[in-house]
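Participant: Could you have a look at this structure, given as structure tokens, before my questions?
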Amino acid sequence: MSNNTSSNMTALDILRESDEEGETASPFEELDDDETAGPDDEDNDDDDTAALELEAEEEDTGDIRALRKRGKKTVSLEELRQLQRRSRARGQRIGVKKVQKKVQAQKPKPRPKLPPTFVPPNNGARQLFNKWASRGSQFVMRQEGHFYSVAEIRCKCLGNEKAAWLHIPKGEYPLFNVAVGESFTLLGNSATVTTNWTNLQRPSKVTYSETEFLIQSITMQEAGLRVRYDGAEIDKLAGIGEAKSVLTGQAWLWDDAGTFLPKEIFHDYSGENLLYRALRRSAVIYFHWDKSQSGASELSRKLLIDHLRNVPDTKVKTLSRTSGGAAVLPVPDGYVFTDNPERNEHGAFNAVIHVPEDIVFPIKPIELGGVVMRPLEVGLYVQLSLNGIAFQHHQQQSGVKT
């Protein structure tokens, strides 16, 4: 088209023609949805607005360039009004784009529909809370609670006065199998369970506080040593006196000097209990629920938790373990410990230290009263702590230690 012909056309006619040819952009076309698509980041709003304004300014400049190219060097007041209308429309376009972008960002993101059989992670506390809330009676939920129990590992001493070793037989060593006030034995000596052994309490054999405890993590530590020599041989020694109760397994003993215990049990420099370390390197921990008393079809359930060496020892103090709080071993969600297995679908709970193979720990017999003697056995005691959330009746909260 010649410039002479274009000069006879109005500015609006020229721009309508250049819009059709794609040389200029009409500001009156409707926005497409994909024009507003982009990242949902409010920090980019200012940058996006500046880019849109620059785009509109370039389109206005493009209108002027198209008019010059076609020989239109002057415009009338009416044509100027039409140019302003196009520029105004581009400004409105900026606002529409910005609003549409915000609306798009505010649309809720679709969530995958979960099957009705799916159990959400960490749902154990929610399930127990709903269970207790449905009962209608007042209850309390104690966070950061714990139960603890001690296991006895009886290490038989074999050999003779020249060459001897402690022997930990393979087998299972229970925890949480007795409560405060019940009778039991320590190295064969009759005793009564105290809070030094466990904080599990039952008012009687037939009444319970019905506490339900959601186990979230576990820790462990050594809980002491005992030693038992032949009582008849001890009686022959002069000057033993009050030490007899210690030497016959009736008292707790800490003896890294090797006076009553074989010196090999403790590390010469660090004082670490090497017998305890040998057990940690060789055993695993199980949780066990027994439903035989509740009439359930599934009589028992036994689950491997972890190797004993992976359960943090609370006496270990390193920067990496103490900077963020005490180290614990998290356990899978949903493990419940109840003190009333008769009225609970979970069954009676206890934990088990499982020693899959015999452990042999060489020692040297000690000298007592000028006589070389080896112990009959050494008692190694290990405490396991269960950390989690306790649910219990409000009026009974002072009667159960958690």
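The values are calculated or read from the model by the stated rules, or taken from the named source; none is laboratory data. Everything numeric here is computed off the predicted structure, so don't read it as measured data. Neighbour counts are summed over all protein chains in view; Cβ atoms, including those assigned to glycine, are modelled from backbone coordinates with ideal geometry. Side chains included, ligands, DNA and RNA excluded: accessible areas come from the protein's heavy atoms. Shrake-Rupley method; radii C 1.70, N 1.55, O 1.52, S 1.80 Å.
Participant: R142 - would you say it is charged (D, E, K, R), under 23 Å from the mean Cα position of the chain (by Cα) and open to solvent by 100 Å² or more (accessible area, probe 1.4 Å)?
Facilitator: Details: charged (D, E, K, R): yes; under 23 Å from the mean Cα position of the chain (by Cα): yes; open to solvent by 100 Å² or more (accessible area, probe 1.4 Å): no.
Against the criterion (charged (D, E, K, R), under 23 Å from the mean Cα position of the chain (by Cα) and open to solvent by 100 Å² or more (accessible area, probe 1.4 Å)), R142 does not qualify.
Participant: Any residue that is small (G, A, S), farther than 30 Å from Y381 by Cβ, open to solvent by less than 50 Å² (accessible area, probe 1.4 Å) and touching a residue at least 12 places away in the same chain (Cβ under 8 Å) - is there at least one of those in region 115-134?
Facilitator: Yes, region 115-134 has at least one match.
Participant: Name the residue that is nearest to F337 (Cα to Cα), counting only residues in region 207-218 that are open to solvent by 10 Å² or more (accessible area, probe 1.4 Å) and at pLDDT 85 or above.
Facilitator: Among those that are open to solvent by 10 Å² or more (accessible area, probe 1.4 Å) and at pLDDT 85 or above, it is Q216.
Participant: Search region 235-265 for residues being open to solvent by less than 20 Å² (accessible area, probe 1.4 Å) and touching a Leu at 6+ places or on another chain (Cβ under 7 Å), and hand back the single one that is farthest from C155 (Cα to Cα).
Facilitator: Across region 235-265, the extreme among qualifying residues is D255.
Participant: Of the conditions (1) under 16 Å from P375 (Cβ atoms); (2) open to solvent by 70 Å² or more (accessible area, probe 1.4 Å), A232 clears all except one; give me its number.
Facilitator: With (1) under 16 Å from P375 (Cβ atoms); (2) open to solvent by 70 Å² or more (accessible area, probe 1.4 Å) applied to A232, the lone miss is (2).
Participant: Scan region 351-360 residue by residue and report those that are part of a strand (DSSP E or B) and either outside the structural domain of E152 (by the TED database) or open to solvent by 30 Å² or more (accessible area, probe 1.4 Å) (or both).
Facilitator: H354, V360
Participant: Where in region 117-206 are there strands (runs of 3 or more DSSP E), lying wholly inside it, with at least 3 residues that are at pLDDT 90 or above and over 30 Å from E367 (Cα atoms)?
Facilitator: 139-159, 171-175
Participant: Report yes if some residue within region 95-103 is assigned to a loop (DSSP other than H, G, I, E, B) and open to solvent by 90 Å² or more (accessible area, probe 1.4 Å); otherwise report no.
Facilitator: Pass one, region 95-103, residues assigned to a loop (DSSP other than H, G, I, E, B): none.
No - not one qualifying residue is present in region 95-103.
Participant: Then there is this: Could you tell me whether region 149-170 includes any residue that is open to solvent by 50 Å² or more (accessible area, probe 1.4 Å), within 21 Å of R277 (Cα to Cα) and either within 37 Å of the chain's Cα centre (by Cα) or of a type in the set (S, T, N, Q) (or both)?
Facilitator: For region 149-170, residues open to solvent by 50 Å² or more (accessible area, probe 1.4 Å), within 21 Å of R277 (Cα to Cα) and either within 37 Å of the chain's Cα centre (by Cα) or of a type in the set (S, T, N, Q) (or both): present.
Participant: Now, a different point. For region 88-101, does any single residue satisfy the condition of being without any contact (Cβ under 8 Å) to a residue 24 or more places away in the chain and more than 60 Å from the chain's Cα centre (by Cα)?
Facilitator: No, region 88-101 contains no residue that is without any contact (Cβ under 8 Å) to a residue 24 or more places away in the chain and more than 60 Å from the chain's Cα centre (by Cα).
Participant: One residue is enough: does region 289-306 have a residue meeting the conditions hydrophobic (A, V, I, L, M, F, W, C), at pLDDT 60 or above, open to solvent by less than 30 Å² (accessible area, probe 1.4 Å) and in a loop (DSSP other than H, G, I, E, B)?
Facilitator: no
Participant: Just wondering, is there one or more residues in region 205-220 that are in the same structural domain as I305 (by the TED database) and farther than 30 Å from V331 by Cβ?
Facilitator: The initial filter retains those residues of region 205-220 that are in the same structural domain as I305 (by the TED database), namely 205-220.
Now restrict to residues that are farther than 30 Å from V331 by Cβ: 206.
Looking through region 205-220, at least one residue is in the same structural domain as I305 (by the TED database) and farther than 30 Å from V331 by Cβ.
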